[in-house]
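For reference, the structure is listed below as structure tokens.
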């Protein structure tokens, strides 16, 4: 008999009396005085485990059922019955229980049926998917990723995977990981004794990408609507709860678009993916609201129901200056907004997500489009209550002369960007895009405190076991 | 007036007489003696460009329209009319044409409206998406990727992104890329003068992953049905048409599954994604069949319509030995099959895709499950006419004692695999999975000759501009 998912049984797919086979891992076992054991079995298909009622009449009751502990692998057959327990819909009256694997030394098995600290679970990253919380994070993460792809597909965008290994990005190389096949113990040298990078795999220095944006622009300027969804890397030696060395980014790029269209797309995307989570992962979200972050559900509901505010950066500065609030970093025009400012704006002032637009030129990247005022660029950040910045984007400078001027002002050598300049020489069009850090989206959705819990295997400086 | 996609106009979404705005890049311009210009405009939304009819009465006819050349960025407004040209459904009678960007020096613009060699186009990877063929590849690639995600989602699988940077895979390190933040010009040294890897970012040697399989097994053994779809890397210094340094892999893993279930899943996946391409990308596939590979469509149709054959490896060896055909590599039991053997089997012998199962233990990886005969393992390859191997998979060795014995026999130090052994110590269950190289899937679908044309930006040893 083909096995079925626990999700399907709990959802009532099989009428009472049906014979089914389910498979999974034991969460708990409880033996009743009436001569029965209750085994909670999880297969990860949904948040809840199913209760298997195992009678003493099973041939292997003493030898196997009474040895079951958290983590054991089990195949159970039996008939679907209505559950007597509260909150449970259906359970299974077992006619057979087969154990595929017991747990070696159950006393020391790391995933006991009790709360564990997130710090401890990071040390057993290969076993933490068996906990309630990491099962829920994994399903929500999947739901978000699927919704991202579906949103773009339905709206005519093409997925582009931009290079992971890059040789072109000279900017900020200090925070990049080097990729090399050189033998460190025996480095090739030039005549002058310097390391000879021409002997490396790509014939030059190569690094892990920090963003696919520049590369995806080339595809945008041929296919009009494109997006990346792939890994990016930052070698920041940081142990904060907000940084990862390896993380996934979503970067759409739209041709014939300005900053307003860019903000509209970001708003539509965020609302779409949060709606998907509310519709498809109510079980996991109820757990987050109960155990992790009280407002986990309500803040997503507010997010999808209200139009985002639009605020000009210069207006935001005035609001902050006139707020009467004392900030750690005093506010003045020309500065980058800090998290304290961003959270004040959306949490105290507008009370909902806000797009802040048109930032001072000097604090923004060279590829952002200069506004007619000559001192701001068409950049935007989307700020959300409870987290601050969640999206950063801009209209790109499509005018070659202004791009060149901006690069010169910022001491960026155009020799690394000839191909990027070509995109402006050959049929330039206005275009815009944004970046959304995928793990940041997961952190916000689940109400997590630490971004390392939003990725299946956290990469930590000085500690990466996998 | 909001712009619409050329795909929608050609599909007849807007009735004749409607006013529409379209945007894109000029493919060709032709001036008629009757005092009209015909401008073919592409926006990448579908294979075909749309014809814009530009009358001399346009205010900027002389100044702009007559200067239009391949690659120019254009916004055209006008009314939808039925096309007089054959093969075209609708065209646009322009009331205005706005040029957002001309092409600098049209004579030297690399993407002329004429055939280019694939070799040449690899040198202008940032502009090649503007060609017919790379537009088509990009859309088909997108269609395949979406279908992969959709197939797994509909079947209850969760997407897991396994680590890109890994410190655990000791096997085959010679073909891996090192990831490091050490300063090559000034390497830290131990007391004994060796390179001090403990000073590196992760406190030890780190590399780019060659496969997510081992890592995804941990998630499989908690969530039952999972898959990866992410980049993997091989530092093979190869210029062949079959290898990439950077490529994407799809690796599903199923709990409580054996090799037969694994093969069934692979067959269902391949048929699903090819059906999606046939349904959704008929325009691009018609181009491939006409210009690239005559059988591009018919072989996909055969693929989805026939059940795959199942052949035991030992039986395959006998078939090859009795074939009367002279192979470059003579066939004997125990050898790995070469492409010539694989193609003979599926092209000459069975005439459709085939799953070859149960390979000799000594030619397969340590994690594959030993069969009861003691000399073969539960491994499979799926072979397709016209390409050879397209999927490789296995049931995993879930029995710790046999896994340990296999590792010892192959001189693999278990110290690197304690976490992987844990998965067998704690509630082991039978499980299986496979790997499908995504670019190989694109190559096969589009009928391409070189795998470097299946990825948006090819990474070539000694030549990586991006």
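Values quoted throughout were computed directly from the atomic coordinates according to the rules given, and no laboratory measurement underlies them. These figures come from a predicted structure and were not determined experimentally. Backbone-built Cβ (ideal geometry, glycine too); neighbour counts: all protein chains shown.
Cβ neighbours within 10 Å, averaged per peptide: list A:365-375, A:105-115, B:247-257 in order, most packed at the top. Please list the in-between numbers first.
On the way: A:365-375: 15.9, A:105-115: 12.9, B:247-257: 24.5.
The packing order, highest mean first, is B:247-257, A:365-375, A:105-115.
Cβ-Cβ distance of residue B:11 and residue A:59, R₀ of 56 Å, FRET efficiency by 1/(1 + (r/R0)^6): the value works out to about 0.30. Each other copy places its own label point for residue B:188 at 2.8 nm from this one, sorted shortest first, where the point lies 7 Å along the Cα-to-beta carbon line. May I ask for the angle, rounded to the nearest 10°, between helix A:132-154 and the longest principal axis of chain A, with both axes built from Cα atoms and the value confined to 0 to 90°? Tilt relative to chain A: about 50 degrees.
For chain A, the longest principal axis of the alpha carbon atoms and the long axis of helix A:296-305 meet at an angle near 50°. Here each label is just a point 7 Å from Cα along the line to Cβ, and for residue A:237 and residue A:190 those points are 2.7 nm apart. What the Cβ-Cβ distance of residue B:347 and residue B:401 gives, at R0 = 60 Å and to the nearest 0.05, is a FRET efficiency of 0.90. Residue separation of residue A:96 and residue A:183 scaled by 0.36 nm, minus their Cα-Cα distance, works out to 25.6 nm of gained length. For residue A:63, inter-copy separations between label points set 7 Å beyond Cα along the Cβ vector come to 9.4 nm, shortest first. Note on residue B:305 and residue B:66: the model spin-label points, each 7 Å out from Cα along the C-beta direction, lie 5.5 nm apart.
Exposure proxy shown here: for B:197, A:126, A:243, the number of other Cβ atoms within 10 Å sets the order, fewest to most, as A:243, B:197, A:126. The mean count of C-beta atoms from other chains within 10 Å of the C-beta of residues in A:200-207, rounded to a whole number, is 5.
One quarter of the convex hull surface built on the alpha carbon atoms of segment A:6-101 amounts to 5.5 nm², the projected area averaged over directions.
Sorted shortest first, the separations between the residue A:31 label point and its copies elsewhere in the assembly read 9.6 nm; each point sits 7 Å from Cα along the Cα-to-Cβ line.
Pulled fully out, how much extra length does the chain show between residue A:315 and residue A:116, if you take 0.36 nm times their separation in residues and subtract their Cα-Cα distance? Could you put the intermediate results ahead of the total?
Working: separation 199, 0.36 × 199 = 71.64 nm, distance 4.58 nm.
Full extension from residue A:315 to residue A:116 adds 67.1 nm.
The Cα center of segment B:147-223 and the Cα center of segment A:294-371 differ in position by 37 Å.
Which value at 222 nm does the protein assembly as shown reach when only helices count, each DSSP H run of 4 or more adding -39,500 (n - 2.57), with the total divided by all residues and rounded to the nearest 500 deg cm²/dmol? Intermediate results must be reported in sequence, preceding the final value.
Numbers: 24 runs with 256 residues, N = 932.
Helix-only estimate at 222 nm: -8000 deg cm²/dmol.
Which FRET efficiency value, to the nearest 0.05, do you get for residue A:340 and residue A:410 by plugging their Cβ-Cβ distance into 1/(1 + (r/R0)^6) with R0 = 35 Å? Result of the calculation: an efficiency of 0.80.
Take every Cα pair under 8 Å whose residues are at least 6 apart in sequence, average their separation, divide by the length of chain B, and the relative contact order is 13 percent.
Roughly how crowded by other chains is peptide B:3-15, in terms of the mean Cβ count from those chains within 10 Å of each of its Cβ atoms?
On the way: counts 4, 0, 3, 1, 1, 1, 0, 0, 0, 0, 0, 0, 0.
So the per-residue partner count for this stretch is 1.
Counting Cβ atoms of other protein chains within 10 Å of each residue's Cβ and taking the mean over peptide B:155-162 gives 6.
Any idea what angle helix B:282-291 forms with the longest principal axis of chain B, computed on alpha-carbon atoms, 0 to 90 degrees, nearest 10? For B:282-291 against chain B, the angle is about 90 degrees.
Using C-alpha pairs under 8 Å with a sequence gap of at least 6, the mean separation divided by the residue count of segment A:6-101 gives a relative contact order of 32 percent.
What whole-number distance in Å separates the alpha-carbon centres of segment A:375-435 and segment B:48-126? Each part's Cα centre sits 26 Å from the other's.
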